[in-house]
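> Following this message is one structure expressed as structure tokens.
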């Protein structure tokens, strides 16, 4: 059962995308209506994803929400709704170089990574979600030892040090003059942990990844997108009671 503090003037909710708002089957039934209900209740909905900005923008448009986009795990920030230009917080060239080097060290390693890398500007994303420890150990002895290696369960991200969803949110909150303590964060994987720590209240919709539940204030009974539906129903009830 959701136990959301009642003495906070909640201003915004930030959702992860993959595994939270949508899965391989797309959006769960009823999600769009519930998300739009939050906006009707004056709770601004924003998105923070490991996807590239061109991948997240159509999702924002489909949801018809008024918040901002944090993409590439914090590397890209775009708040067109509030009139701010796209901000790139890092250069992804070193991450791509690291991937090329890793391909010379590991068997069956595809340095080209996932298809959306063609638009990726601040990090590099690989089809190697289960090789994080192996990749991390190899990079620790190289010029790329400063890169973060983050597995989302879907892919493996090579990201410049200090770039994560919290760093992207910091800029986005500053631009809108939003207090992070008045923001709810919802996610499902390890790359959401910095976001959980940044915001005033956090919700995990999955317990499969190390550290996620421990970092969250609330774990849904259902998992994945169905956990999000469960949470949305409880949240709407909270704001309409």
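> Under Stokes-Einstein, with the Kirkwood radius over Cα pairs standing in for Rh, what whole-number D in µm²/s applies to the chain at 4 °C and 1.567 mPa s? Provide the component values of the computation, followed by the final result.
Values: Rh = 18.1 Å.
Using the Kirkwood radius from Cα pairs, D works out to 72 µm²/s.
> Angle between the Cα long axis of helix 93-105 and the longest principal axis of the chain, 0 to 90 degrees, nearest 10?
Approximately 50 degrees, to the nearest 10.
> Same structure again: Note the angle between two axes, namely the Cα long axis of helix 53-63 and the longest principal axis of the Cα atoms of the chain, as a number of degrees from 0 to 90, rounded to the nearest 10.
Helix 53-63 sits roughly 20 degrees off the main axis of the chain.
> What angle do you read, to the nearest 10 degrees and between 0 and 90, between the alpha-carbon axis of helix 165-176 and the longest principal axis of the chain?
Computed tilt is about 50 degrees.
> Distance between Cα centroids, region 216-241 to region 79-108: provide it in whole Å.
What the calculation gives is 33 Å, centre to centre.
> Something else now. If a paramagnetic tag sat 7 Å from the Cα of residue 182 along the Cα-Cβ line, which residues of region 64-103 would have the backbone N under 18 Å from that point?
66-68, 82, by backbone N distance to the label point.
> How much of the DSSP beta bridge set in region 1-94 is antiparallel, as a percent to the nearest 5? Write down the numbers at each step before the final one.
Values: 6 of 13 bridges.
Antiparallel bridges: around 45 percent, rounded to the nearest 5.
> Per-residue ellipticity at 222 nm for the chain, helices alone: DSSP H runs ≥ 4 residues times -39500 (n - 2.57), over residue total, nearest 500 deg cm²/dmol?
Using -39500 (n - 2.57) per qualifying helix, the result is -9500 deg cm²/dmol.
> If neighbour count is taken as other Cβ atoms inside 10 Å, put 165, 198, 37 in order from fewest to most. Don't skip to the answer; put the middle values down first.
Numbers: 165 29, 198 22, 37 16.
Result, fewest neighbours first: 37, 198, 165.
> Of the peptides 223-232, 129-138, how do they stack up when ordered by the mean number of other Cβ atoms within 10 Å, highest first? The partial results should precede the final answer.
Numbers: 223-232: 20.9, 129-138: 15.2.
Answer by packing, highest mean first, reads 223-232, 129-138.
> While we're on this one: Can you classify region 1-131 as rounded, prolate or oblate using the Cα gyration tensor, where a ≥ b ≥ c are the square roots of its eigenvalues, rounded means a/c under 1.5, and otherwise it's prolate if a/b beats b/c and oblate if not?
Working: a/c = 2.38, a/b = 1.88, b/c = 1.27.
Verdict is prolate for region 1-131.
> So, one more: Distance between the C-alpha centers of region 166-211 and region 115-145? Whole Å please.
Region 166-211 and region 115-145 have Cα centres spaced 23 Å from each other.
> For the residue pair residue 84 and residue 237, what label-to-label distance in nm results when each label sits 7 Å from Cα along the Cα-to-beta-carbon direction?
According to this spin-label approximation, the distance is 3.5 nm.
> Ok, one more. If I model a spin label at residue 140 and residue 107 as a point 7 Å from the Cα along the Cα→Cβ vector, what separation in nanometres do I get?
About 2.3 nm, to one decimal.
> If you don't mind, another one. Looking only at the chain, where both bridge partners belong to it, what percent of the DSSP beta bridges are antiparallel (to the nearest 5)?
45 percent
> Give me the one-decimal Kirkwood hydrodynamic radius in Å for region 93-159, with the sum taken over alpha-carbon pairs.
Values: mean 1/r = 0.0867 Å⁻¹.
For region 93-159, the Kirkwood estimate is 11.5 Å.
None of the figures in this text is laboratory data; all of them are computed from the coordinates on show. On a predicted model such as this, the values are computed, not experimentally measured, just so you know. No Cβ is skipped: glycine too gets one built from the backbone with ideal geometry, and neighbour counts run over all protein chains shown.
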